Structures are given as structure tokens and as C-alpha cells.
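The values are calculated or read from the model by the stated rules, or taken from the named source; none is laboratory data. All figures in this text were calculated on a predicted structure; none of them were measured in a lab. Here the Cβ positions follow ideal geometry from the backbone for every residue, glycine too, while neighbour counts run over all protein chains shown. To get the accessible areas, we keep the full protein, side chains included, count just its heavy atoms, and leave off ligands, DNA and RNA. Shrake-Rupley method; radii C 1.70, N 1.55, O 1.52, S 1.80 Å.
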Amino acid sequence: SLNVLQRGSSAMTDEDFKVLQRHLTAPQLRQMGVSTLTGGGFWGPDEMMQAVEKALLWFGGMRELCHVLTTETGGDLPWPVYDDTGNVGRRLAENAAVTQTNLAVGLRVMKAYMYSSDLVLMSLQLIQDRPDLAESIVADALGERIGRITNTEFTTYAGGDGPQGIIRGSVSALTSGAAGVVTADELQRLKYAVNRAYRQRPNRAYMMADATLATVLRLKDANANYLFTS
């Protein structure tokens, strides 16, 4: 009736309900002329695929090998250090005086840096229609953006206004003879160029780019057997 169209289902009378029951055996929800936009098709919502195709780009695993500290604030974190490796004990002659050699203690300040994933705008319609999908997509994307920049800077950044990358802050133990060439002998020389105090630590590991790893995994012995497996 006109009364129902104007005021909604709350205005339906008993007679209106009887008419509805005679014509409908089950509720039916239909779009108004989706194929004809001016016939109501503009009101017909599009469906979104339940699965989302996502472009992937691996950003590395620096944090997996780092020692992560969680602090209460973002202030500087003083880190005491000392290097006494250049000092050794000595044998004393009878009645000889003991030499005083102090520890070379220093302080390294670990600073906090802020990273941004950049702002992402999400439509209200998507949040209303698929809140689970919206949250999942945005959370994954923002986390991966942070992962990519931190992995790069933790590896190669030169420091100054940001973190010191492990490559920039490390001392070269061995230099390869030719760029882009890796041999099994060089890998062994690299291993034993590192001091035993570090080489025998339980969390020791090689770190290399994918291109370098692909080269290493192609190394073969005289019988064409691969020396390493991934």
C-alpha cells in the first residue's frame, strides 16, 4: 500500500501482511534492473572476489637474525662496550712489579629511528562490506612496507641520520679476488678468516644476497656433484 511505501514495514496492517503472505512463500531479495542502470542498476552493488590476488616481493630476514630489544620509551639506549683483545697477560720475573693495564671501556649509543609505512586510505564501503578483508589487506601491506625499508637499511645503510647497516659497520675479513666470482676455496677462507671466538658461537650464519646464494649453490666438485644444497 502507499502507506507502507511512505513509512516502511512498521506501517503494515494485518491486511497488508495477509496480502504479502499470499504472494510470497519465501523472502526474495533482487536487484532492480542491474542491466539497465537508469532502472535501478546504479543501486546494485558489485560483488568482490572472496580471494585476493596479491603481488609478493620478499624483503629479507634481517630481523630474524637480529637481537631485538623492546624498550619502554624511544629514548637513546647507552650500550657499554670494551675491546681488550689487544692485551695479554705477562710472565713476571722474581720480585718484579706488576704492570697496570686498564680495560679500554667505551660507550655506544643505540638510537631510536621512526619509520613510516605511508598513509593508506580505505573506502568506507569496503570497511562496511568486508571489514575482515580490509583489515587483513591493510595490516599485511603496512607491515611489509616497514619490513622492506628496515631490511635494506639494517643491511647497507651508512649511518649518520639512521641505523648503521651491518655491511657498513663490519670490518672486512676477506676480499674476493674477482667481482661476481665465488669459489669453494674462498668460502672456506672466509670461514676461517673470522676469529674462532665468533666462529664457534651457536648462532653463527652466512648472510648473502639471493644472487650470491644462487652462485654458491651452483658450485660443483670434479664429478659435477653440487657441493651445497638449499
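General remarks:
- Residue check for N223: open to solvent by 70 Å² or more (accessible area, probe 1.4 Å), assigned to a loop (DSSP other than H, G, I, E, B), polar (S, T, N, Q) and more than 26 Å from R63 (Cβ to Cβ): yes
- Counted as qualifying within the range 101-182 are the helices (runs of 4 or more DSSP H) with 3 or more residues that are open to solvent by less than 60 Å² (accessible area, probe 1.4 Å) and without any contact (Cβ under 8 Å) to a residue 24 or more places away in the chain, namely 131-156.
- Condition check for R204 on (1) in contact (Cβ under 8 Å) with a residue 24 or more places away in the chain; (2) outside any helix (DSSP H, G or I): one failure, at (1).
- Boolean, D185 is free of Cβ contacts under 8 Å to residues at least 24 places away in the same chain, under 30 Å from D83 (Cα atoms) and of a type in the set (D, E): no
- Among the residues of the range 196-211, at least one is open to solvent by 60 Å² or more (accessible area, probe 1.4 Å) and among the hydroxyl-bearing types (S, T, Y).
- Selection over the range 76-94 of residues that are of a type outside the set (D, E, K, R) and either surrounded by 10 or more Cβ atoms within 10 Å (Cβ to Cβ) or outside any loop (DSSP other than H, G, I, E, B) (or both) gives a count of 8.
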